[in-house]
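The structure appears below as structure tokens.
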Amino acid sequence: MQMKNIVILISGTGSNMAAITQVAQRERWGELHGARVAAVISNRPHAKGLEWARAQGLATDVVDHKLFGSRELFDAALAEAIDRHHPALVVLAGFMRILTPGFVQRYQGRLLNIHPSLLPAFPGLHTHQRALEAGCKVAGATVHQVTAELDFGPILEQAAVPVLPGDTADALAARVLVQEHQIYPRAIAQLLTAL
């Protein structure tokens, strides 16, 4: 059986990448789904998540967006790095770059993202602060397929988190992140059964 490779893209600490990798190992995705985390790629050379990935024996690569004169050139180089691993899924885990429509189309149906709000509410940045300013009683996170429209693709999984009295954006973000680490691996595992 051909192994279903998962390539994870990160920009920072990679906490969702680590959660996905740990669940994949613990739940034996290799045996259960014929799947594995094959590589971790970052657009930032000093992303802390790369160190963790290397320590797990995962292949890592860097495609530094600052070395490219346009989004199109960066995305072409990124796609080349991804395709070396023959991905069944490309998973954005705190990858802080807006991708071009051509890149999104290349991986259509196989490109996932997690967003720290209950989409369609609060796409884009500063979601927790915006939720607090709007007086929301509930916040959360959404796993979705990526489309050319930012934070808009088909929703695969969501988790709700209550907004508590006196919450700050950081406090709310920390509670939402706990849920992200649970729903992202679960959504990926469900998708793997359909591949």
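Of note:
- Ordering Lys48, Lys4 by the number of other Cβ atoms within 10 Å of each residue's own Cβ, fewest first, gives Lys48, Lys4.
- Cα long-axis angle, helix 15-26 against the chain (0 to 90 degrees, to the nearest 10): 60 degrees
- Computed from label points 7 Å out along Cα-Cβ, the spacing between Met3 and Gln25 is 1.5 nm.
- Amide N proximity, segment 150-186 versus Val138 label position 7 Å along Cα-to-Cβ, cut-off under 13 Å: 158-163
- Using a Förster distance of 30 Å, the FRET efficiency for Phe68-His126 (Cβ separation, nearest 0.05): 0.70
Just so you know, all these numbers are worked out from the coordinates, no wet-lab data involved. Keep in mind it's a predicted model, so treat the numbers as computed, not measured. Reconstructed Cβ throughout: ideal geometry from the backbone, glycine too, with neighbour counts over all protein chains shown.
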